1. Consider residue 14 against the criteria (1) surrounded by 12 or more Cβ atoms within 10 Å (Cβ to Cβ); (2) touching a strand residue (DSSP E or B) at 6+ places or on another chain (Cβ under 8 Å): it satisfies all of them except one. Which criterion is unmet?
2. Looking at residue 44, is it exposed (fewer than 13 other Cβ atoms within 10 Å of the Cβ), within 13 Å of the chain's Cα centre (by Cα) and assigned to a helix (DSSP H, G or I)?
Amino acid sequence: MEFVDRDVSADEAARTELLERHGRLATPTIVIDGKVFVGFKDNRQEIERALAGSLT
């Protein structure tokens, strides 16, 4: 699976893109097939389902 890892604390362009695209600077922000997840712990099951669906 292809992914892009961006460090918004060190990369000003990535920080600007995160704010412009998603309206906040919350991390982690995970985007899978256009669906945005902010945070991991509370979204883990839904993220896993989205990942499983994107692999098929």
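1. (2)
2. yes
Values in this text are rule-based calculations from the coordinates and carry no lab data. Note that the structure is a prediction, hence the values are computed from the model and not measured. A quick note on method: Cβ atoms are made from the backbone with ideal geometry, for glycine too, and the neighbour counts reach across all protein chains shown.
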